[in-house]
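Heads up, the thing below is written out as structure tokens.
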Amino acid sequence: MKYDFIIFGGTGQQGSICARDLLESGYSVMLVGRDKSRIRNLLKNKKTGFLRVDLRNESEIKKAIKKSHADIVVNCAELVFNVPIMKACIKTKKSVTDLGGLQKVTVEQFKLHNPFRKAGIINVTGCGSTPGIVNVMAKYAVEKFDSVDTIMLGFAWNSNIKKFVVPYSMQSIFEELTEDPVTYHNGNFVRERRMTCKGTLNFREVGKQTVYCIVHSEVYSFSKYFKEKGLKKIHYMAGFPEHSIRVIETLINLGFNSEKKIRVNGAEIILLDFTNKVLKRIQVPKGYKEAENLWVSLYGIKNREKAKTEMNCIVKTVKGWEDAGSNVDTGRTISIISQMLKKGMIKEKGVFAPEAVIPYEPFFKELTKRKMYVYDNGRKIN
Ligand SMILES: NC(=O)c1ccc[n+]([C@@H]2O[C@H](COP(=O)([O-])OP(=O)(O)OC[C@H]3O[C@@H](n4cnc5c(N)ncnc54)[C@H](OP(=O)(O)O)[C@@H]3O)[C@@H](O)[C@H]2O)c1
């Protein structure tokens, strides 16, 4: 069978949300992963297929793409696989979307700009909520400024029931909270000291929250695309509610994020794999609802006067998508951007972040259709 899309990481949180959105938009999807326990319902749909692939076997990636006959590759797998998946896309001449690569992987991804351009394909990197929605909101706002001095951005979320559920990939969260964050100051990337670069902010729909500087790809891509506006400072801040960050910090302090092997009853296992397996079993409690505020604050000069703009995207648990919580803003957003590629709405070839190529009007309209609302200084757009 020829599928419209192939989704690597199709068994994960974001991949399965993306698959459902694509199916509901009328497309067929080949899902790729190792453990299909979380997608049994999706696989009942006749427009889905499943391939078991361990992405550490890089030659299998190209084979899977060929087997699916899909036009567009959607990469929702762990970010360590972004570059190998991109290399397979160059060989098969398929365009690809992904969910971003923090700082190190993003830098490696942009090195493939020319091979992508020569192959006549595109990689849009960072197509979720953040990176993703925030990048397009920043582009929308930047255009209205004469010059921009500082951009602060990030996410904050909370839930009605204060129980721990896995917010998104624990592997990425552990990396984000243990690697020293990178900020941008006067043309240089600066390594900050972890957990000391923090503050308390008040967020609409979420409330007061402590936010921490973490390493994220927007610091890199904004510095690249908004340079001509005089941008001097970029800070990325993450906000987890108290009941969630407490559990994450405990896991880190106890070493459950370690990639070291341990021996249990004679068998060798990687501690992080064990942690992931255990955490995957956590169910979303009945009646559990989330609200997330994706935010970008810009400071600069507008019409020759000092100005500040605040862009927000407010996302709440949507009826019928309860298990996805606020993750709809990542899984459904990569579906929107992948559909834009399939419809030929993005013509550029090479490697780009969303702020460089996504037309914001149709994009915001698609978000609104899915109950994700964008605000410009408190005024709803669309
Ligand atoms: N841009 C954004 O807004 C945003 C937001 C959230 C997350 N993310 C990123 O999106 C990515 C996925 O996050 P998630 O929340 O969906 O995490 P998740 O639920 O843990 O999913 C991870 C996926 O990667 C797959 N995977 C891992 N190792 C693999 C291997 N060796 N071979 C084959 N597949 C493998 C998993 O497959 P199996 O389970 O079948 O092994 C699973 O499908 C992460 O890199 C995360 O940083 C981005």
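The values are calculated or read from the model by the stated rules, or taken from the named source; none is laboratory data. Just so you know, these numbers come straight off a predicted model, no measurement behind them. Note: ideal-geometry Cβ built from the backbone for every residue, glycine included; neighbour counts use all protein chains shown. Note: accessible area is taken over every heavy atom of the protein model, side chains too, but ligands, DNA and RNA are not part of it. Shrake-Rupley method; radii C 1.70, N 1.55, O 1.52, S 1.80 Å.
Go through segment 91-196 and tell me which helices (runs of 4 or more DSSP H), entirely inside it, have 3 or more residues that are within 16 Å of the ligand (Cβ to nearest atom) and in contact with a helix residue (DSSP H, G or I) (Cβ under 9 Å, 6 or more places away or on another chain).
So the answer is 104-110, 133-142, 170-178.
Filter segment 123-165 down to the residues that are among the β-branched types (Val, Ile, Thr) and surrounded by 24 or more Cβ atoms within 10 Å (Cβ to Cβ) and list them by number.
VAL124, THR125, THR130, ILE133, VAL134, VAL136, VAL148, ILE151
Are any residues in segment 342-372 over 17 Å from the mean Cα position of the chain (by Cα), under 20 Å from MET86 (Cβ atoms) and not charged (D, E, K, R), and if so, which ones?
Listed by number, the residues that qualify are ILE346, GLY350.
Could you look through segment 191-233, keep only residues that are open to solvent by 70 Å² or more (accessible area, probe 1.4 Å) and of a type in the set (Asp, Glu), and pick out the one that is farthest from ASP98 (Cα to Cα)?
This residue is GLU205.
Of all residues in segment 29-58 being within 9 Å of the ligand (Cβ to nearest atom) and assigned to a strand (DSSP E or B), which is most open to solvent (accessible area, probe 1.4 Å)?
Going through the qualifying residues, I end up with ARG52.
Here is a check on your reading of the model: is GLY26 small (Gly, Ala, Ser), outside any strand (DSSP E or B) and more than 14 Å from the ligand (Cβ to nearest atom)?
When the stated conditions are applied, GLY26 passes them.
Please state which one of ILE17, ILE7, ILE61 is within 13 Å of the ligand (Cβ to nearest atom), in a strand (DSSP E or B) and surrounded by 18 or more Cβ atoms within 10 Å (Cβ to Cβ).
After ruling out the rest, the residue left standing is ILE7.
Looking at (1) among the basic types (Lys, Arg); (2) surrounded by 15 or more Cβ atoms within 10 Å (Cβ to Cβ); (3) within 13 Å of the ligand (Cβ to nearest atom), can you tell me which one LYS67 breaks?
For LYS67, the failing item is (3).
When only residues in segment 255-269 that are open to solvent by 50 Å² or more (accessible area, probe 1.4 Å) and closer than 15 Å to GLN171 by Cα count, which is nearest to the ligand (Cβ to nearest atom)?
GLU259
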